[in-house]
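What follows is a set of notes on a single structure, which appears directly below.
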Amino acid sequence: MRVQQGVSSSCTDDQLLFIRQQGIRHVFALFEDQHTDYDSVMRFVERVRKFDLTITDVGNTHLYKNPQFHLGLSERDRAIEEYNRFNRVLAKAGIPIVYMTWEPNQVLSTAYRVSDHTQGAVGRIVDIEEMKKRPFTHGRQYTEEEIWENFRYWLERVLPVCEEEGLTIALHPNDPPVDCLVGIPNLIHSADCYKKAFAMANDSPRLGMKMCFGCWLEGGEAFGDLLSDIAYFVDRKKVLIVHFRNVSSPMPYFEETLLEDGYMNMYEAMKQLVRHDYDGLIHVDHVPEYVESCGGKNASMAYSTGYMKGLLHSAMQEVHREMSDI
Ligand SMILES: [Mn+2]
């Protein structure tokens with residue numbers, strides 16, 4: 001299992017050094033719009049390499065969270081071509097994984113503030129009752145069939161490029177994972193939705209998942225059982241990246257918490273990954289943010305990544321002990 005942290009393509013050298021100082025060797029990168037051409041990508045790959053770090057997976061938010069193809073709007077073919085162009089750049093630069101989240105409105109949140117479960121830090125809060133009162137974001141109510149047809153249309157045009165280039169798409173769930181919000185049905189709001197998406201891709205190894213434990217836990221039983229779904233999807237080699245995150249409770253209301261504060265026992269989840277020989281990437285996706293003068297987001301990521309690495313090392317020891325007992 002490879003622990004990673006994230007960077008932006010305009011991060012400082014000190015941020016790269018800070019990641020390396022945490023004993024981390026892998027990073028994921030969010031490329032800014034002006035850095036998606038081959039020369040810019042290669043410059044960044046080489047800069048990161050100087051810190052003994054490797055870029056394992058990448059996205060550009062505007063290219064992959066694009067309502068044009070999510071909703072089948074008039075410019076979708078051009079949007080798909082731009083996504084494919086960036087994918088060809090990544091493959092040429094030796095980066096093996098690219099992102100997708102079928103989320104025309106990006107991640108939806110009710111608030112970012114200090115609350116009951118955030119330990120005085122600023123955390124993300126979702127209240128589904130509040131979100132249900134919001135107006136349509138794209139003019140009308142879309143149907144579930146339309147959204148899946150748009151996904152099929154996109155798959156038919158991007159998977160051949162991925163197959164040709166040797167690149168794999170990591171599909172993240174919709175967050176929050178309810179069936180529909182603001183007029184847009186969510187493509188991925190349960191483990192069954194993933195099964196449907198993989199079947200639609202004819203089980204191509206070029207479509208995998210970012211298994212966001214946070215989304216699984218937000219959805220609770222309606223999403224699936226986290227431990228048995230880890231077994232199912234890891235055994236089938238569908239998990240490329242794990243988002244290691246905990247929340248206060250399943251919907252309709254949750255707050256993002258420190259890993260040790262949410263309702264899931266994250267050590268059990270880590271042990272399940274180790275038992276099933278998960279050999280992909282793992283990172284803390286978001287946690288409550290610490291006070292700015294004491295390191296802010298960098299400090300909160302470092303704290304929780306350290307906690308996660310502790311769980312990983314303990315799980316490796318305990319599971320291997322279990323395995324040698326057999
Ligand atoms: Mn996530």
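Any read-out appearing in this document is the output of simple, stated calculations on the displayed coordinates, not a laboratory observation. Computed from a prediction, not measured in an experiment: that's the story for all the values here. Using ideal geometry, Cβ is built from the backbone for each residue, glycine included, and neighbour counts are taken over all protein chains shown.
Checking Ala231 against (1) more than 24 Å from Thr110 (Cα to Cα); (2) within 15 Å of the ligand (Cβ to nearest atom); (3) among the small types (Gly, Ala, Ser), only one condition comes out false. Which one?
For Ala231, the exception is condition (2).
Determine whether segment 51-62 contains at least one residue that is of a type in the set (Val, Ile, Thr), in contact with a Gly (Cβ under 7 Å, 6 or more places away or on another chain) and surrounded by 15 or more Cβ atoms within 10 Å (Cβ to Cβ).
no
Considering only segment 141-198, state which residues are within 16 Å of the ligand (Cβ to nearest atom), free of Cβ contacts under 8 Å to residues at least 40 places away in the same chain and in a loop (DSSP other than H, G, I, E, B).
His189, Ser190
Which pairs have Cβ atoms under 7 Å, sit 6 or more apart or on different chains, and link a residue in segment 12-38 that is without any contact (Cβ under 8 Å) to a residue 24 or more places away in the chain to one that is part of a helix (DSSP H, G or I)?
Correct list of pairs: empty, since none qualify.
Residues that are in contact with an Asp or Glu (Cβ under 8 Å, 6 or more places away or on another chain), more than 24 Å from His286 (Cβ to Cβ) and of a type in the set (A, V, I, L, M): which helices (runs of 4 or more DSSP H) entirely in segment 1-104 hold 2 or more of them?
Because the criterion is at least 2 residues that are in contact with an Asp or Glu (Cβ under 8 Å, 6 or more places away or on another chain), more than 24 Å from His286 (Cβ to Cβ) and of a type in the set (A, V, I, L, M), the helices (runs of 4 or more DSSP H) in segment 1-104 that meet it are 76-92.
Kindly list, by first and then second residue, each pair from a residue in segment 69-83 that is under 11 Å from Phe151 (Cα atoms) to a residue that is in a helix (DSSP H, G or I) and of a type in the set (S, T, N, Q), limited to pairs with Cβ atoms under 6 Å and residues at least 6 apart or on different chains.
Qualifying pairs under 6 Å: Gly72/Asn150.
Based on what the data block shows, is Asp175 under 20 Å from the mean Cα position of the chain (by Cα) and charged (D, E, K, R)? Full working, then the answer.
Numbers: under 20 Å from the mean Cα position of the chain (by Cα): yes; charged (D, E, K, R): yes.
Taking the combined requirement at face value, the residue satisfies it.
Out of the residues in segment 209-222 that are more than 11 Å from the ligand (Cβ to nearest atom) and more than 17 Å from Glu103 (Cα to Cα), which is surrounded by the fewest Cβ atoms within 10 Å (Cβ to Cβ)?
It comes out as Glu221.
If Asp175 satisfies every condition in (1) touching a helix residue (DSSP H, G or I) at 6+ places or on another chain (Cβ under 7 Å); (2) acidic (Asp, Glu); (3) closer than 22 Å to Arg2 by Cβ but one, which is the exception?
Here Asp175 meets the rest and fails (3).
Glu130 fails exactly one of the following numbered conditions: (1) out of contact with any Ser or Thr (no Cβ under 6 Å at 6 or more places or on another chain); (2) away from the ligand (no atom under 16 Å from the Cβ). What is the number of that condition?
Status for Glu130: all satisfied but (1).
Residue pairs, Cβ under 8 Å, 6 or more apart or interchain, first in segment 221-246 and assigned to a strand (DSSP E or B), second within 16 Å of the ligand (Cβ to nearest atom) and among the acidic types (Asp, Glu). List them.
What qualifies is Leu240/Asp57; Ile241/Asp57; His243/Asp285; Asn246/Glu256.
So which of Glu255, Glu268 ends up being more than 18 Å from His172 (Cβ to Cβ), part of a helix (DSSP H, G or I) and away from the ligand (no atom under 14 Å from the Cβ)? Let's see the steps before the verdict.
Values: Glu255 fails: part of a helix (DSSP H, G or I).
None of the others qualify; the one that does is Glu268.
Every residue in segment 118-131 that is surrounded by 17 or more Cβ atoms within 10 Å (Cβ to Cβ), part of a loop (DSSP other than H, G, I, E, B) and either hydrophobic (A, V, I, L, M, F, W, C) or out of contact with any Leu (no Cβ under 9 Å at 6 or more places or on another chain) (or both), please.
Ala121
Given the residues Ser300, Ser249, Ser304, Ser293, which is the only one that is crowded, with 20+ Cβ neighbours inside 10 Å, more than 13 Å from the ligand (Cβ to nearest atom) and more than 24 Å from Glu318 (Cα to Cα)?
Numbers: Ser249 fails: crowded, with 20+ Cβ neighbours inside 10 Å; Ser304 fails: more than 24 Å from Glu318 (Cα to Cα); Ser293 fails: crowded, with 20+ Cβ neighbours inside 10 Å.
Residue meeting the stated conditions: Ser300.
Is it true that Gly262 is in a helix (DSSP H, G or I), within 16 Å of the ligand (Cβ to nearest atom) and closer than 18 Å to Tyr303 by Cβ?
Here the answer is no, as Gly262 does not meet what is asked.
Scan segment 306-323 and tell me whether some residue there is assigned to a strand (DSSP E or B) and more than 30 Å from Lys132 (Cβ to Cβ).
Initial filter on segment 306-323 (assigned to a strand (DSSP E or B)): none.
Checking segment 306-323: not a single residue is assigned to a strand (DSSP E or B) and more than 30 Å from Lys132 (Cβ to Cβ).
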